[in-house]
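The values are calculated or read from the model by the stated rules, or taken from the named source; none is laboratory data. Everything numeric here is computed off the predicted structure, so don't read it as measured data. Cβ coordinates were reconstructed from backbone atoms using ideal geometry, including for glycine residues, and neighbour counts include every protein chain displayed.
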Amino acid sequence: MSEDNKIFSPLSWLSQFKHLAQTSDNLLKGEENGRINVLLLGIAGKNHDGGYLTDTIMLASVSPASGDIALFSLPRDLIVPIDGYGFRKINNINAFAENEQPGSGGLAVSQALSRVLDVPIDYYLRVDFISFVKIIDELGGIEIEVENTLDDTRYPIAGREEDPNYENRFEYLHLEKGWQPMDGELALKYVRSRHAAGVEGSDFARSRRQQKVLQAVKDKVLNLRILFKPRLINNILTTLQEHVITNFKVWEMVKLWGIIKDTNADKVITKVLDNANGGLLVDAITPEGAYILQPRNGDYAEIQYLVKNIFSNAPPKQTSAVKQEYPALEIQNGTWINGLGQRMATDLEKFGFAVAGVHNASRQNYEESVIFDLSYGEKMSSLAILKEKTGARVNYGLPDWLLAELKQQNENKVNLTQPDFILIIGRDADKTQSGVENKEE
């Protein structure tokens, strides 16, 4: 067992609990800088095939001043640079490290992601399937609002991975839309399912389900007032002792809980890095034929901007005005500055704009930004705020040349929703002059 993990023995916890009052004035890592970053990792565990490959990768950022929380889910197929291995899928880091030095995986992943995201990662917490199930069961289960009916006819059965009868390797998992009580086993299936029909059948949908479960566990811990139940704490810590790797000290966990315990759901920001229209990732195939995800602009600058600026809040009065109209916005980058469109999208989403897509304009020589108002004046509050924040001039309707371009772009697409505004970004949008032009085709 690693030195870090020894804090979870019940005896160690009791000895540390006596000193909690003495350490209450101590600062958490990151607290002085106004942001605490915690890396949450999930693995199957040593008795599973590929048990040390990371199944869940989530960065939780906490603002100690406000208690606001941001959850970033990173897909396991995202490629990142790994020391000694080159660019590989992110879910390999933990396995590589554990193979070299047992117990080192959590630290290795946190160090690698800190370099990729360009932010310090203060703490890491890695759990396996056994601890996940037992902790939820010790809490008495959780309740989850299932957003979409989940039908997965190919959920893998543990221990039957090599069954000669291929169909015997799977079970049928079905969850109806709506609020559902879940014990540990069902919650594990809910967050692991990858082959469900429809919108739930992707790693990105799975990441969103994982975020929901994390919020549900937080709510259950709060409702149980767990700090006043030493027997329950003892049971959970006994579980953690064998199945969790972390660099948290107990007093740090208690203090962090004190910061976030009263945070309402509307103060939790959730982001899933994905390959959707306007997403920051794109699909690719390696020379060996493996499926991977990579940053759409070839580097991690857009992802870094999103992570670093997640707590830059917009004024409540303006966000309220925009959210009442709920305008759909398409953003086109009319410059050669990589990432300028996504940076603009990140900033405008905080005001309540529903960014329907981010892509390059047909030409990249726009000096001035322009807004095309397709609501024809029906969403004036949103238009005024969009104009103020971008400095763009406003045109009502679409010119023929842009109408023709959009028709060509969308001719093979189905279920299209017309945006209320199209924003074409010019060089004037790069107010900080932070962008670097890249004119390579």
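Which is in the same structural domain as Asn91 (by TED's automatic domain parsing) and surrounded by fewer than 14 Cβ atoms within 10 Å (Cβ to Cβ), of Asn277, Asn297, Asn365? After ruling out the rest, the residue left standing is Asn277. Reported count of residues in segment 230-267, each being surrounded by fewer than 18 Cβ atoms within 10 Å (Cβ to Cβ) and either outside the structural domain of Tyr124 (by TED's automatic domain parsing) or closer than 22 Å to Ser312 by Cα (or both), is 6. Candidates are the residues of segment 325-369 that are over 20 Å from Ile303 (Cβ atoms), part of a loop (DSSP other than H, G, I, E, B) and among the polar types (S, T, N, Q); the one that is modelled with the highest pLDDT is Ser369. Screening Arg76 against (1) within 30 Å of Pro230 (Cβ to Cβ); (2) among the charged types (D, E, K, R); (3) at pLDDT 90 or above leaves a single unmet condition, (1).
Scanning segment 45-87 for residues that are closer than 19 Å to Glu32 by Cα and assigned to a loop (DSSP other than H, G, I, E, B) turns up Ser63, Pro64, Ala65, Ser66, Gly67, Asp68. The residue pairs whose first member lies in segment 313-328 and is more than 10 Å from Phe353 (Cα to Cα), whose second member is part of a helix (DSSP H, G or I), and whose beta carbons are closer than 6 Å, counting only pairs six or more residues apart or on different chains, are Gln318/Ile385; Ala321/Ser381.
Determine, yes or no, whether Leu406 is modelled with pLDDT under 90 and part of a helix (DSSP H, G or I). So Leu406 fits the description; yes. With the condition kept exactly as written, say whether any residue in segment 335-347 is without any contact (Cβ under 8 Å) to a residue 40 or more places away in the chain and basic (Lys, Arg). No, segment 335-347 contains no residue that is without any contact (Cβ under 8 Å) to a residue 40 or more places away in the chain and basic (Lys, Arg). Residue count for segment 41-64 satisfying the condition of being closer than 22 Å to Gly258 by Cα and among the β-branched types (Val, Ile, Thr): 1.
Listed conditions (1) over 21 Å from Arg192 (Cα atoms); (2) crowded, with 20+ Cβ neighbours inside 10 Å are all met by Tyr85, apart from (2). When segment 59-78 is filtered for residues that are of a type in the set (A, V, I, L, M) and surrounded by 20 or more Cβ atoms within 10 Å (Cβ to Cβ), the ones remaining, listed by number, are Leu59, Ala60, Val62, Ile69, Ala70, Leu71, Leu74, Leu78. Candidates are the residues of segment 91-130 that are touching a residue at least 40 places away in the same chain (Cβ under 8 Å), of a type in the set (S, T, N, Q) and crowded, with 22+ Cβ neighbours inside 10 Å; the one that is nearest to Leu306 (Cα to Cα) is Ser110.
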